[in-house]
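The values are calculated or read from the model by the stated rules, or taken from the named source; none is laboratory data. For clarity, every value in this text was computed on a predicted model and none was experimentally measured. Backbone-built Cβ (ideal geometry, glycine too); neighbour counts: all protein chains shown.
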């Protein structure tokens, strides 16, 4: 009984605090996530990224939209300060591609698209999507995907193929490129 009274008293106090301060927890306007690539996959140096979204509308940068905005791709970095504009980065070209090699960390998908092609350096990378408003500032509360990890393989890997002796004649070793 004593525990019940304590819990009831705490509930009333929390309710009064919310009422007096107007500090109700905010609900995000929607959800963003990766359709592709999936966490843990290996991709080529140039690969497709498809972002998914629920309960919001993607619009080009500069378009005021309280229920949406445009996506930003974060590469090998944590979320930036969520009360300031997302740091600048390279632009996507007319074909929907962005070359992010050399350590670029922020890609503004300012067109309002949800699918792009990206080129990254070979190796392991983390990716995360973050929704920005018309001024590239995250919403309050922010809308962002889970961070995923991918491995980027080089476009061409050289493989040496050796033909065993006694297999019908001596032939030299040959090299061929694999995609």
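Within the stretch 148-161, the presence of a residue that is in a strand (DSSP E or B), at pLDDT 95 or above and more than 21 Å from residue 36 (Cα to Cα) is excluded. Only residues that are closer than 22 Å to residue 121 by Cβ and not in a strand (DSSP E or B) were counted in the stretch 43-78, giving 5.
State all residues of the stretch 32-42 that are surrounded by fewer than 18 Cβ atoms within 10 Å (Cβ to Cβ) and in a strand (DSSP E or B); if no residue qualifies, say none. Of everything in the stretch 32-42, those that are surrounded by fewer than 18 Cβ atoms within 10 Å (Cβ to Cβ) and in a strand (DSSP E or B) turn out to be 33, 35, 36, 42. Condition check for residue 136 on (1) buried (at least 18 other Cβ atoms within 10 Å of the Cβ); (2) on the phi > 0 side of the Ramachandran plot; (3) modelled with pLDDT of 95 or more: one failure, at (3).
Taken as a whole, the structure leaves residue 109 outside the set of residues that are under 22 Å from residue 49 (Cβ atoms), modelled with pLDDT of 95 or more and surrounded by 16 or more Cβ atoms within 10 Å (Cβ to Cβ).
In the set 121, 93, which member is under 25 Å from residue 150 (Cα atoms) and without any contact (Cβ under 8 Å) to a residue 12 or more places away in the chain? I'd like the intermediate steps shown before the answer.
Working: 121 fails: without any contact (Cβ under 8 Å) to a residue 12 or more places away in the chain.
Every option except 93 fails the conditions.
Taken over the stretch 92-103, the residue count meeting the criterion of being assigned to a loop (DSSP other than H, G, I, E, B) and in contact with a strand residue (DSSP E or B) (Cβ under 7 Å, 6 or more places away or on another chain) is 4.
Given the conditions (1) under 20 Å from residue 52 (Cα atoms); (2) at pLDDT below 95, report the number of the one that residue 168 does not fulfil. Every condition holds for residue 168 apart from (1).
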